[in-house]
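The values are calculated or read from the model by the stated rules, or taken from the named source; none is laboratory data. Since we're looking at a predicted model, the values are computed, not measured. Note that each Cβ is placed from the backbone with ideal geometry, even for glycine, and that neighbours are counted across all protein chains shown.
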Amino acid sequence: MKQPSLAHVLQPKWRTALQRLREERARGGSGKLIILIIVGGAFWAGVFGVLYLILRNLRKVEELGPLIPGKILGLILLSFISILVLSNVITALSSFFLAKDLDLLVSAPVDWLRLYLAKLGETLLHSSWMVALMAVPILAAYGVVYKGGVLFALYATLAIVPMLGSAVTLVLVNIFPARRTRDLLSIIALGAAGGVILLFRVIRPEQLARPEGFRNLLDFLILLRGPTSPFLPSEWASQAVMGYLQHTIDPLPLMLLWSTAAAFVTLGAVLHRALYPQGFTKAQEGAERFIRGGLWRWTVGSLLGWLPVAKREFVLKDIKLFFRDTTQWSQLILLAVLVVVYLFNIQALPLHRGEPVGFFYVNLVSFLNLGLAGFVLASIAARFIFPAVSLEGRQMWLLRSSPLDLRALLWSKYWVGTVPLLALGVLLTGMTNALLEVSTFMMLMSLATMAALTLAIAAMALAFGTLYPQFETENAAQIPTSFGGLVFMMATIALLAGVIVSLWQAVYAYVRAVYEGRPVVIDAWMFLWFGVAAALCTAATIVPLRLALKKMETFEF
Amino acid sequence: MIRLENLTKLYGSFVAVDDISLHVPRGVLYGCLGPNGAGKTTTLRMIAGILRPTQGRVLLGGDDVHANPLPAKMRLGFIPDRPFVYDKLTGAEFLRFVAGLYGQEGDVVGRRIAELLEVFELTSWKDELVEAYSHGMRQKLIISSALIHRPECIVVDEPMVGLDPRAARLLKDIFRQFVNRGGTVLMSTHTLEVAEAMCDQIAILQHGKIVAAGTVSDVRRQHQAGDASLEELFLKLTGGAQVRELAEVLGR
């Protein structure tokens with residue numbers, strides 16, 4: 001029998017994508033597209049500009065100059081590969097085991113290799129497009145600073161593509177097909193969490209941040225020259241790119257990259273052939289579980305007794321769904337690791353080395369920490385709050401046909417996400433500031449800012465999730481990596497930048513007064529900038545929620 | 001009880017529902033028939049407040065579903081054609097959640113849940129997650145959820161899909177008793193035997209318009225169909241009589 005071509009097997013996917021584009025254009029989406037292109041372009045320009053400045057200045061530094069850009073690229077690619085591993089596993093799980101088109105494909109006489117390659121391509125595309133987009137301004141900055149020329153673009157693609165490819169951990173997915181998918185996910189989450197800790201220990205970032213801890217410059221240089229993680233594809237890609245830029249081309253890293261990618265794909269194919277039918281069968285089995293959900297009703301339900309019944313039932317329902325869905329709660333493990341690593345890095349900073357320079361750095365770090373913690377909170381909001389409305393999609397018939405006020409729905413979703421985020425944000429800021437031993441002024445200012453930022457970030461996550469809903473998704477963990485998720489992250493970064501720049505005016509006045517030994521006076525100037533920051537956060541809370549409500553009223557099912 | 005006034009729905013330039021006006025009085029079981037794509041589901045979803053009409057309005061007990069949704073929706077129980085429910089809730093939890101959406105709480109809800117689960121033979125499944133339910137069981141759970149707040153009217157899209165004969169019979173009895181007690185049911189169906197046996201009045205939709213309405217005898221009279229069965233009448237009105245020869249379609 002003649003087998004259908006790969007393009008034919010994938011036809012429904014690309015036709016759907018094209019149709020979505022057409023529908024968006026028919027709805028008058030070109031204005032929205034132009035805004036997105038402008039915002040995206042500004043974001044690219046920002047990333048390019050910052051990296052360009054850093055690299056240009058580093059090039060001027062003797063000895064260290066040629067080494068540190070390589071390390072930075074290595075770290076960037078390492079973070080890319082961590083993201084890729086996680087998103088590939090999550091995407092592979094849904095496209096190989098949970099996708100709606102699998103019943104049709106598996107029951108049709110399509111051979112195993114076509115099914116494997118079609119699903120592999122789909123997984124790659126879905127999980128890697130965002131990272132690929134982010135890599136463009138970064139590689140462009142390297143190319144421009146080192147005068148890589150037009151051919152550099154081609155070479156960089158050659159070096160980066162197999163890195164994206166080899167991150168496909170289908171091998172992992174195929175090793176455990178006999179387990180139920182939900183259990184598999186928690187194993188993967190734990191494994192990934194362990195992996196992140198391991199990576200951070202392996203590269204010892206605190207060593208790089210404290211060069212004076214080395215006996216002499218030579219030790220530092222030796223550390224910089226050695227590969228940080230010699231067995232990771234990100235290191236090979238970094239070596240390949242830097243080798244080209246510094247005109248010391250070594251074919252080995254490129255060969256390692258391509259051969260590893262090919263080996264992973266082949267190994268995945270072998271395992272797929274042997275284990276997929278059994279794994280697919282197991283994935284169909286429903287998780288039958290006998291549940292007496294009294295615990296939540298007694299605890300959270302009693303605490304929320306003061307709420308109107310519709311809101312209370314909504315909050316209770318959301319909490320139950322979250323903790324019964326492994327794809328959702330298992331992400332908490334990663335979150336915990338992220339927080340530990342974050343605090344660990346703050347603690348490892350070489351501060352408190354003599355006054356008054358120490359005082360200045362402590363306040364600077366505490367202040368910049370607001371931006372970093374805000375970014376961490378934004379990533380968490382993207383994971384947990386952004387998908388909230390999309391997850392209601394299939395049940396929207398019930399919510400819309402009942403007398404539930406949409407404001408109550410939005411209210412419940414907002415506070416279910418915001419309360420834990422607020423607790424985490426305040427805890428993270430309080431603990432880092434305690435570790436840094438900052439003054440009461442900085443502590444109070446940071447906590448108040450963090451609280452206001454959290455309220456705004458949660459509102460933006462919910463609103464962008466409503467403006468760019470993913471009602472047809474097969475896996476909740478995939479929703480944040482959608483286009484809307486990217487727009488949300490860019491908007492949040494813009495908000496963080498606005499708040500930080502405004503507050504800097506006030507904080508700088510404070511630091512200068514202390515530095516010069518003058519009494520700290522909270523004057524009109526400080527009030528003005530605190531006011532600007534507060535206004536930004538308030539607007540970023542109220543406007544998105546209003547837009548979300550309006551959008552929700554137009555939802556049709 | 002249910003009144004549609006010049007109801008129209010456009011999807012882009014496609015007219016799904018074309019200027020429909022209809023009155024379903026209290027105490028009537030009304031059937032909405034029509035071929036696939038005739039606009040039945042769109043009409044029902046507009047009545048339930050899930051879709052916004054492009055033009056016209058829907059009144060439930062005098063309240064406009066879109067202008068004054070809360071009192072209108074309090075009167076309504078909606079049963080969709082596809083039983084999507086929260087997979088990670090148990091059957092009993094789902095029913096309590098729905099009761100909460102209608103502002104109901106306390107022991108009275110517990111008793112009502114037990115009563116409905118008993119009627120639909122789901123009592124032994126009440127603490128199981130919905131993800132373990134079969135299609136028919138989900139359908140029964142959704143029907144229970146539509147009845148939990150004691151609605152005045154029920155709007156139901158293809159009620160018999162996925163139900164075993166026993167559950168289908170139970171549902172027919174429930175709807176008949178509901179109507180006998182003054183309730184109103186508006187249902188869409190493809191099963192003409194069901195419509196003929198159950199419905200007091202019918203409307204036949206074709207290309208988004210009502211092409212015939214009234215009792216089955218009224219419709220026969222209007223279209224001079226004599227003693228024709230509802231199936232023959234349906235095919236005559238919807239153009240289905242031009243079905244190609246079976247042998248030609250099946251080949252061989």
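Return the residue satisfying two criteria in turn: it lies in the stretch A:78-136 and is over 20 Å from residue A:262 (Cα atoms) and of a type in the set (D, E, K, R), and of such residues it is farthest from the chain's Cα centre (by Cα).
A:111
Residue by residue through the stretch A:380-395, note down the ones that are over 14 Å from residue B:97 (Cα atoms) and within 7 Å of another protein chain (Cβ to nearest Cβ).
A:394
Can you confirm whether the stretch A:543-556 contains a residue that is acidic (Asp, Glu) and assigned to a helix (DSSP H, G or I)?
Yes, the conditions are met somewhere in the stretch A:543-556.
Quick one: what pairs do we get from the stretch A:293-312, first residue in contact (Cβ under 8 Å) with a residue 40 or more places away in the chain, second polar (S, T, N, Q) and in a helix (DSSP H, G or I), C-beta under 7 Å, 6+ apart or different chains?
A:311/A:412
If you go through the stretch B:51-102, how many residues are more than 28 Å from residue B:189 (Cβ to Cβ) and in contact (Cβ under 8 Å) with a residue 24 or more places away in the chain?
Of the residues in the stretch B:51-102, 4 are more than 28 Å from residue B:189 (Cβ to Cβ) and in contact (Cβ under 8 Å) with a residue 24 or more places away in the chain.
Sort through A:78, A:125 and tell me the only one that's part of a helix (DSSP H, G or I) and touching a residue at least 12 places away in the same chain (Cβ under 8 Å).
Sole residue among the options that is part of a helix (DSSP H, G or I) and touching a residue at least 12 places away in the same chain (Cβ under 8 Å): A:78.
Would you check which residues across the stretch B:34-58 are away from every other protein chain (no Cβ under 14 Å), modelled with pLDDT of 90 or more and under 15 Å from the mean Cα position of the chain (by Cα) and list them?
Residues satisfying the conditions are B:39, B:40.
Quick one: residue A:52 ticks every box in (1) surrounded by 11 or more Cβ atoms within 10 Å (Cβ to Cβ); (2) modelled with pLDDT under 75 bar one, so which box is it?
(2)
Conditions (1) out of contact with any Gly (no Cβ under 8 Å at 6 or more places or on another chain); (2) more than 22 Å from residue B:218 (Cβ to Cβ), marked per residue:
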{"position": "B:3", "(1), (2)": "yes, no"}
{"position": "B:16", "(1), (2)": "no, yes"}
{"position": "B:22", "(1), (2)": "yes, no"}
{"position": "B:26", "(1), (2)": "no, no"}
{"position": "B:52", "(1), (2)": "yes, yes"}
{"position": "B:69", "(1), (2)": "no, yes"}
{"position": "B:81", "(1), (2)": "yes, yes"}
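Within the stretch A:507-526, can you find the residues that are in contact with a helix residue (DSSP H, G or I) (Cβ under 8 Å, 6 or more places away or on another chain), free of Cβ contacts under 8 Å to residues at least 40 places away in the same chain and in a helix (DSSP H, G or I)?
The answer is A:509, A:525, A:526.
For residues in the stretch A:6-38 being part of a loop (DSSP other than H, G, I, E, B) and modelled with pLDDT under 75, which is surrounded by the fewest Cβ atoms within 10 Å (Cβ to Cβ)?
A:28
From the set of residues in the stretch A:430-450 that are at pLDDT below 90 and among the β-branched types (Val, Ile, Thr), which is surrounded by the fewest Cβ atoms within 10 Å (Cβ to Cβ)?
If we take residues in the stretch A:430-450 being at pLDDT below 90 and among the β-branched types (Val, Ile, Thr), then A:440 is surrounded by the fewest Cβ atoms within 10 Å (Cβ to Cβ).
Name the single residue that is farthest from residue A:467 (Cα to Cα) among those in the stretch A:389-403 being aliphatic (A, V, I, L, M) and buried (at least 24 other Cβ atoms within 10 Å of the Cβ).
Checked the stretch A:389-403; the qualifying residue farthest from residue A:467 (Cα to Cα) is A:398.
Which of the residues spanning the stretch B:95-105 are of a type outside the set (Asp, Glu) and within 9 Å of chain A (Cβ to nearest Cβ)?
The answer is B:96, B:97, B:98, B:99, B:100, B:101, B:102, B:103, B:104.
Please state which one of B:159, B:151 is under 21 Å from the mean Cα position of the chain (by Cα), touching a residue at least 24 places away in the same chain (Cβ under 8 Å) and away from chain A (no Cβ under 12 Å).
Answer to the check: B:159.
Tell me, please, whether a residue that is facing chain A (nearest Cβ under 7 Å) and either at pLDDT 90 or above or outside any strand (DSSP E or B) (or both) can be found in the stretch B:108-126.
no
Tally up the residues in the stretch B:75-94 that are more than 28 Å from residue A:298 (Cα to Cα) and either at the interface with another protein chain (Cβ under 8 Å from one of its Cβ atoms) or part of a loop (DSSP other than H, G, I, E, B) (or both), please.
Count: 7.
Conditions (1) within 30 Å of residue B:76 (Cα to Cα); (2) touching a Leu at 6+ places or on another chain (Cβ under 7 Å), marked per residue:
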site	(1), (2)
A:378	no, no
A:381	no, yes
A:384	no, no
A:388	yes, yes
A:407	yes, yes
A:419	no, no
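Taking the options A:453, A:406, name whichever one is within 23 Å of residue A:500 (Cα to Cα) and either outside the structural domain of residue A:521 (by TED's automatic domain parsing) or touching a residue at least 40 places away in the same chain (Cβ under 8 Å) (or both).
A:453
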